[in-house]
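J.: Got a structure here, written out as structure tokens. Questions coming.
The values are calculated or read from the model by the stated rules, or taken from the named source; none is laboratory data. Predicted model, so just to flag it, every value in this text is computed and none were measured. With ideal geometry, Cβ positions are generated from the backbone for all residues, glycine too; neighbour counts draw on all protein chains shown.
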Amino acid sequence: MNEVFFKVATAVIEKSDANHPADAVLRDELRKQRGLTRDDGWEISKAIFAYFRWLGWMNAKEPLPSRMEKALRLTEKFREYPDSFFDDHMVAKAVPDWIREQVDVTPAFARALQKEPKLWLRTKHGMREAVERELRYCSVPENANLPDALEYEGSIDLFRTPQFHEGLFELQDIASQAVSVICDPKPGETWWDACAGEGGKTLHLSELMQNKGLIWASDRAEWRLKRLKQRAARAKAFNYRAVSWDGSEKLPTKTKFDGVLVDAPCSGVGTWQRNPHARWTTTAQDVSELAEVQSRLLGNVAGSVKPGGKLVYSVCTLTRAETTDVVTAFQKAFPDFEPVDFPNPLQPKTIKRDLFMWPQEFGGNGMFVASWKRK
Ligand SMILES: C[S@@+](CC[C@H](N)C(=O)[O-])C[C@H]1O[C@@H](n2cnc3c(N)ncnc32)[C@H](O)[C@@H]1O
């Protein structure tokens with residue numbers, strides 16, 4: 001890596017902490033630098049993420065530049081000779097110790113976290129072949145019931161392609177795509193995407209509903225809803241209404257819904273492959289606080305589900321407290337909701353109730369989904 005790249009990467013690593021995630025600090029630093037191309041930014045970001053991915057292998061007493069060089073060497077070595085890394089070292093070093101209370105850290109999971117993440121696209125329905133042909137370097141996930149998913153292995157800036165601007169595809173992780181497929185909304189139904197954020201799943205639900213019916217898309221962050229509206233315009237998704245909701249008992253509408261999706265805020269352990277900095281800033285306390293928020297959100301929306309309607313809970317994390325414990329507590333407090341079995345879209349022959357999607361199994365983010373029907 002050249003000297004300028006090294007300087008930028010070092011500055012980002014030094015400024016990153018729990019309140020300043022590395023990806024946001026990197027964006028700021030790149031904005032300040034003149035004369036760096038997009039490819040330069042890409043190379044710098046790879047070095048920074050390699051550093052956080054291999055942090056458990058570092059000796060804190062060594063100077064930062066040597067640690068960064070070591071991280072790049074380990075990345076190469078792991079890509080070429082993965083078997084030269086021992087399972088017990090992977091399990092011990094890839095994650096912080098506190099997580100073992102919450103997640104079964106197997107060698108396969110630890111190894112998956114040390115790989116660079118795949119890039120997944122979701123195309124407009126029926127456009128997968130056309131997008132695949134035009135972008136090239138794409139492949140279709142094997143055996144999955146996700147007819148619009150594509151893995152992209154090329155190197156162009158997808159945000160600058162005409163296909164992106166025409167709304168022919170979105171960047172969306174394969175596990176997130178599975179969530180909306182599990183919701184299985186029908187054209188003409190009324191849904192509530194209660195934690196809609198920037199609309200990743202709202203847009204997919206809209207697509208599955210063929211733009212017919214209505215989706216209430218709420219979030220407490222106005223700026224996220226603003227982004228949702230921009231994305232919806234590009235995707236030509238019109239059957240939604242964006243509203244602010246802070247997650248409290250005061251609901252944005254008295255409507256009773258055919259389906260409610262709670263894609264809740266979470267500790268994000270399922271994204272630790274894509275976002276290795278978060279491994280070292282997320283805490284056990286975050287997990288327990290978020291588990292309370294998740295239970296509260298589910299409890300607050302439950303009354304908005306029509307009798308016979310669906311409630312779907314999803315989180316991009318794998319901790320017990322935020323997955324099965326939340327489900328068990330909800331079940332106990334709301335006996336008028338019965339758990340529903342559904343096929344795993346990533347492995348359609350497998351029927352699941354509480355579905356854990358692991359990065360080592362499907363090459364996407366780790367994700368958990370549960371679903372109920374109101375009696
Ligand atoms: C996992 S993200 C949603 C991602 C989104 N569904 C998507 O697919 O792009 C969780 C969202 O919950 C929102 N959120 C956090 N705390 C909340 C609360 N107490 N009430 C409502 N929304 C909340 C966050 O602003 C964030 O956008």
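J.: Just to be sure, is LYS124 in contact with a strand residue (DSSP E or B) (Cβ under 8 Å, 6 or more places away or on another chain), in contact (Cβ under 8 Å) with a residue 24 or more places away in the chain, of a type in the set (Lys, Arg) and assigned by TED's automatic domain parsing to the domain that holds VAL369? Full working, then the answer.
T.: Numbers: in contact with a strand residue (DSSP E or B) (Cβ under 8 Å, 6 or more places away or on another chain): yes; in contact (Cβ under 8 Å) with a residue 24 or more places away in the chain: yes; of a type in the set (Lys, Arg): yes; assigned by TED's automatic domain parsing to the domain that holds VAL369: no.
Judged against the criteria, LYS124 is not a match.
J.: Let me ask another. Taking the residues in the range 235-251 that are within 12 Å of the ligand (Cβ to nearest atom) and among the polar types (S, T, N, Q) as candidates, determine which candidate is farthest from the chain's Cα centre (by Cα).
T.: Ranking the qualifying residues of the range 235-251, first place goes to SER248.
J.: Could you please let me know if PHE52 is within 18 Å of GLY270 (Cα to Cα), in contact with a His (Cβ under 7 Å, 6 or more places away or on another chain) and modelled with pLDDT of 95 or more?
T.: Numbers: within 18 Å of GLY270 (Cα to Cα): yes; in contact with a His (Cβ under 7 Å, 6 or more places away or on another chain): yes; modelled with pLDDT of 95 or more: yes.
In short, yes.
J.: While we're on this one: Please pick out the residue among THR328, THR317 that is outside any strand (DSSP E or B) and in contact with a helix residue (DSSP H, G or I) (Cβ under 7 Å, 6 or more places away or on another chain). Steps first, please.
T.: Working: THR328 fails: in contact with a helix residue (DSSP H, G or I) (Cβ under 7 Å, 6 or more places away or on another chain).
Sole residue among the options that is outside any strand (DSSP E or B) and in contact with a helix residue (DSSP H, G or I) (Cβ under 7 Å, 6 or more places away or on another chain): THR317.
J.: Let me ask you something else. Considering the range 161-210 alone, what residues qualify as being of a type in the set (A, V, I, L, M), within 11 Å of the ligand (Cβ to nearest atom) and assigned to a loop (DSSP other than H, G, I, E, B)?
T.: Selection gives ALA194, ALA196.
J.: Here is a follow-up. Check the range 222-234 and report whether any residue there is among the polar types (S, T, N, Q), touching a Ser or Thr at 6+ places or on another chain (Cβ under 7 Å) and within 15 Å of the ligand (Cβ to nearest atom). Give the derivation first.
T.: Applying the first criterion (among the polar types (S, T, N, Q)) to the range 222-234 yields 230.
Next, from what is left, pick out any that are touching a Ser or Thr at 6+ places or on another chain (Cβ under 7 Å): none.
Scanning the range 222-234 turns up no residue that is among the polar types (S, T, N, Q), touching a Ser or Thr at 6+ places or on another chain (Cβ under 7 Å) and within 15 Å of the ligand (Cβ to nearest atom).
J.: Still on this structure: Mind checking which helices (runs of 4 or more DSSP H) fall wholly inside the range 25-98 and carry at least 3 residues that are surrounded by 12 or more Cβ atoms within 10 Å (Cβ to Cβ) and touching a residue at least 40 places away in the same chain (Cβ under 8 Å)? If you could, list the steps in order and put the result at the bottom.
T.: Working: elements: 38-53, 64-80, 87-93.
So the answer is 38-53, 64-80.
J.: Out of the range 290-314, which residues are crowded, with 16+ Cβ neighbours inside 10 Å and out of contact with any Gly (no Cβ under 8 Å at 6 or more places or on another chain)?
T.: LEU290, ALA291, GLN294, SER295, LEU298, VAL301, ALA302, SER304, TYR313, SER314
J.: Moving to a separate point now. For the range 104-129, name all the residues that are surrounded by fewer than 18 Cβ atoms within 10 Å (Cβ to Cβ) and in a helix (DSSP H, G or I).
T.: The answer is PRO107, ALA108, GLU129.
Here's the yes/no breakdown for (1) part of a helix (DSSP H, G or I); (2) of a type in the set (Lys, Arg); (3) touching a residue at least 24 places away in the same chain (Cβ under 8 Å); (4) buried (at least 20 other Cβ atoms within 10 Å of the Cβ):
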| residue | (1), (2), (3), (4) |
| --- | --- |
| PHE238 | no, no, yes, no |
| VAL243 | no, no, yes, no |
| SER248 | no, no, yes, no |
| THR255 | no, no, yes, no |
| ARG274 | no, yes, yes, yes |
| ALA278 | yes, no, yes, no |
| GLN285 | yes, no, no, no |
| SER288 | yes, no, yes, no |
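J.: Please determine, by comparing only the residues of the range 255-276 that are more than 18 Å from ALA178 (Cα to Cα) and not charged (D, E, K, R), which one is farthest from the ligand (Cβ to nearest atom).
T.: PRO276
J.: What tally of residues in the range 211-226 results from selecting those that are among the charged types (D, E, K, R) and assigned to a helix (DSSP H, G or I)?
T.: Filtering the range 211-226 down to residues among the charged types (D, E, K, R) leaves 212, 219-220, 222, 224, 226.
Imposing the further condition that a residue be assigned to a helix (DSSP H, G or I) reduces the set to 222, 224, 226.
Of the residues in that region, 3 qualify.
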